[in-house]
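This report concerns only the one structure given below.
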Amino acid sequence: MGHVKLHIPGPVEVSEKTFRAFSSPMIGHRGQGYKDLYAKIQPQLQQLLATKQLVYLSTSSAWGVMEGAIRNLVSKKVLNCMCGAFSDKWLDVSKRCGKEAEALQVAWGLPIRAGDVDKKLATGQFDAMTLIHNETSTGVLSPLAEIAALKKKYPDVMFIVDSVSSMTAVPLKFDELGVDVLLAGTQKAFAMPPGFAVFVCSPAALAKAATMKDRGYYFDLVEFQKNAEQNMTPSTPSISHTYALSSKLDEFFAEGLEARYARHRRTNQMIRDWASTDGFTLFPESGFESITLTCINNGAKPGGRVVDVPRLQKLVKDQGFLIDGGYGKIKGTTFRISNMGDETEASMNQLISALDKAMKQL
């Protein structure tokens, strides 16, 4: 069988144009050529994230930066906001870094709410908190702006935000939000190969990091800032990813950011409509559904249709499309369909046709 088109929540489908950029000839990573490449994309990244701060490039998965943020910014205790598999894991990571950590746990399918965060931070125990904006495992989009507004009330608490499966698909205005770290991997809404991360830090985060003696080197925020000022990275970057990122950023601005956000809303609604028409309900609490993927209920909670998910996956895969069969403890009792990255109404209609054909065979 030929290539199976990815509609899983990541990695997502990568275009031929992006692969061509990824395959650009190598240049010296300490030479002027790389500096010029970084200098070209820096203002584009700043515009994408609505920030005056320098945006950093990390040759790692997003988890590298997530762990690095813990090591750089937690000296007292970190509050890990947990609403799914990936946000739940951040508590374990915090503890493995030797940090005192506490969970703010809600049931899978529910968002993190500002009121609950406020109650925890009001205890004065914490000097940092972690939040996943778009919990990929459950398809839940937590209200970031409402939670970030608490930063004004708790200015000494470092707000660390993973936007891995939302960045580039929804507006994220870093300076306006006022959070301290905002990060994403490139294998999701950026529609690039995995292995690269983009992130930005507040001046307060850099100042805090400078006081931490055990922050390491590879993910040292201070080193990232010093190098970014020279259009460089602290260690050898993935030059291929940088070329691909440059190509994608050109695409984003050619399309227009608002048009890109609107396209994601439309393509996401197409899958929600398909699910509803076929008798399914959605897993997330109403009003907090992801814009980049749809997590469809299949028995994880009451209501809605239930089908044989592995068989549905196979029937769809036989037609050249890969959808996800659910993650972690809700594998099989949910399934997930991605619309992030380069997907259009036309490409989503192709998938929906395959889904319709598969449903008739169940």
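The values are calculated or read from the model by the stated rules, or taken from the named source; none is laboratory data. Just so we're clear, the structure is a prediction, and the values are computed from it rather than from any experiment. Cβ coordinates were reconstructed from backbone atoms using ideal geometry, including for glycine residues, and neighbour counts include every protein chain displayed. We work out accessible area using only protein heavy atoms, side chains counted, and drop any ligands, DNA or RNA first. Shrake-Rupley method; radii C 1.70, N 1.55, O 1.52, S 1.80 Å.
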| task | On the protein heavy atoms, probe 1.4 angstrom, tell me the percent of accessible surface of the chain carried by carbon and sulfur. | result | 54
| task | Kindly report the accessible area of region 1-128 per residue (heavy atoms of protein chains, probe 1.4 Å, no ligands, DNA or RNA), in Å². | result | 43
| request: Specify which residue in the list ALA254, GLN313, THR294 is farthest towards the positive end of the charge dipole of region 237-313, using unit charges on the beta carbon of Lys, Arg (+1) and Asp, Glu (-1), about the Cα centre. | output: GLN313
| task | In whole Å, largest first, what are the principal axis extents of the Cα atoms in region 195-238? | result | 29, 19, 18
| When Rg is the radius of gyration of the Cα atoms in region 195-309 and Rh is its Kirkwood radius, what does Rg/Rh come to? | 1.15
| said: Once ligands and nucleic acids are excluded and a 1.4 Å probe is used, how much of SER286 is accessible, expressed in Å² to the nearest 10? | reply: 100
| Top mean-square fluctuation among MET192, MET26, MET270, Gaussian network model of the chain, C-alpha springs under 10 Å? | MET26
| remark: With every protein chain in place, the accessible area of GLU100 for a 1.4 Å probe, in Å² rounded to the nearest 10, comes to 110
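Kindly state, to the nearest 0.05, the FRET efficiency for ASP214 paired with TYR261, given R0 = 41 Å and r defined as their beta-carbon distance.
Working: r = 40 Å, r/R0 = 0.97.
The computed FRET efficiency comes out at 0.55.
From the C-alpha gyration tensor of the chain, pull out the three semi-axes of the equivalent ellipsoid (sqrt of 5λ each), sorted largest to smallest, in whole Å. Before the final figure, lay out the partial values.
Working: eigenvalues 219, 141, 53 Å².
Each semi-axis is the square root of five times an eigenvalue, giving 33, 27, 16 Å.
Subtract the Cα-Cα distance of LYS153 and GLU16 from 0.36 nm times their separation in residues, and report this length gain in nm to one decimal. Walk me through the numbers on the way to the answer.
Details: separation 137, 0.36 × 137 = 49.32 nm, distance 4.69 nm.
In short, 44.6 nm is gained.
Mean shadow of region 122-280, computed from the convex hull of its alpha carbons, in nm²? Please list the in-between numbers first.
Working: hull surface 47.3 nm².
Projected area, direction-averaged: 11.8 nm².
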| field | Loop sites in region 36-79: trypsin sites (Lys or Arg not before Pro), DSSP, at most 15 other Cβ within 10 Å | value | LYS52, LYS76
| In region 223-316, GluC sites (Glu not before Pro) in a DSSP loop with at most 12 other beta-carbon atoms within 10 Å | GLU229
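Run the dipole for the chain about the Cα centre, Lys and Arg Cβ at +1, Asp and Glu Cβ at -1, nothing else charged, and hand back the magnitude in debye, nearest 20. Write down the numbers at each step before the final one.
On the way: 42 positive and 37 negative charges, 89 e Å.
Using only the charged Cβ atoms, the result is roughly 420 debye.
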| Two-site label geometry, HIS3 and ARG30: point separation in nm, points 7 Å out along Cα→Cβ | 3.7
| remark: Once the dipole of the chain is set up from charges on Cβ (+1 Lys and Arg, -1 Asp and Glu), the residue from the list GLY195, THR267, LEU355 lying farthest towards its positive end is GLY195
| task | Return the subset of LYS77/LYS213; LYS40/LYS99; LYS52/LYS120 for which the Cα-Cα distance in this structure is over 28 Å, preserving the input order. | result | LYS40/LYS99; LYS52/LYS120
| query | Cα centroid distance between region 1-71 and region 206-239, in Å? | reply | 17
